[in-house]
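The values are calculated or read from the model by the stated rules, or taken from the named source; none is laboratory data. Computed from a predicted model, the values in this text were never measured in an experiment. Note that we place each Cβ from the backbone using ideal geometry, even for glycine, and neighbour counts take in every protein chain shown. Calculation scope for accessible area: heavy atoms of the full protein, side chains included, ligands and nucleic acids excluded. Shrake-Rupley method; radii C 1.70, N 1.55, O 1.52, S 1.80 Å.
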Amino acid sequence: MIRCAHCDANAVYRCAVTGAPVCLAHARLVVVGPGALPLAAAGAAVIRPVSPADIYQAQRDRSAIESLALHFWGETEVDCFGQTYDVLALPAWVAEVEGAMVGCLVYAIERDVMTVVMLNVLPAHQGQGAGSGLIRAAIDAARARRLTAVRVATTNDDLPALALYQRHGFRLTGLLPGLVAVHHSEELVGFSGIPVRDEVQLVLSIH
């Protein structure tokens with residue numbers, strides 16, 4: 001997978017100044033104006049569901065989703081909203097560029113609510129619309145199924161994710177202090193050196 005330009009850790013972001021891939025430890029938060037830091041555009045992503053009807057393609061998709069989960073999280077199980085989800089056993093949408101998966105959104109539907117379990121986009125394709133396309137697919141599907149809400153949980157340090165979801169209308173609804181640190185049995189260092197401690201919950205109501 002993609003390595004940080006400054007160390008051997010997995011890269012999870014793309015530097016907005018140089019375009020280089022960076023890990024959590026080397027990512028920094030900056031304030032910029034619109035269009036101040038133009039980057040070369042990646043190819044437009046195609047958003048599609050993982051279809052169980054095409055067994056061969058579904059197997060390839062699951063393998064790629066597993067690689068993304070291990071790259072970004074180091075595991076294929078996600079703890080949020082008091083539950084443990086296996087990303088390999090859930091439905092998903094994928095973002096593809098020229099036939100290669102560059103991102104995915106894995107979700108679960110429980111009663112009348114959709115839970116976004118995992119959303120990741122490879123660094124080279126961040127900021128190019130793949131993440132927004134995946135979120136819009138989730139919202140559109142929830143609306144088509146007459147669900148009442150789409151919810152997601154992230155960590156207190158993940159400012160890029162918090163900004164992305166709020167730009168799409170999600171509202172902060174819950175904060176569980178220390179829960180993530182307890183899950184990992186330690187306090188990890190996250191985005192821009194922020195300690196990873198808390199689960200932050202957001203919800204988008206479907207009208």
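Brief remarks on what is shown
- Extension gain, Leu70 to Arg146: 0.36 nm times the residue separation minus the Cα-Cα distance gives 24.1 nm.
- Taking the accessible area of the chain, probe 1.4 Å, and keeping the other protein chains in place, the carbon and sulfur fraction comes to 55%.
- The residues Leu202, Leu176, sorted by heavy-atom accessible surface at 1.4 Å with ligands and nucleic acids left out, run Leu176, Leu202 from largest to smallest.
- Once the C-beta distance of His207 and His6 is scaled by a Förster radius of 41 Å, the resulting FRET efficiency is 0.35 to the nearest 0.05.
- Spatial separation of Cα centroids for segment 16-30 and segment 54-117, in angstrom: 25
- Taking Val46, Val113, Val32 in turn, the Gaussian network model of the chain (Cα-Cα springs below 10 Å) assigns the largest fluctuation to Val32.
- With the whole protein complex present, Met1 retains an accessible surface near 120 Å², based on a 1.4 Å probe.
- The chain: relative contact order in percent, alpha carbon pairs under 8 Å with at least 6 residues between: 18
- Residue-averaged [θ]222 nm for the chain, counting only DSSP H segments that reach four residues, each worth -39500 (n - 2.57): -7500 deg cm²/dmol
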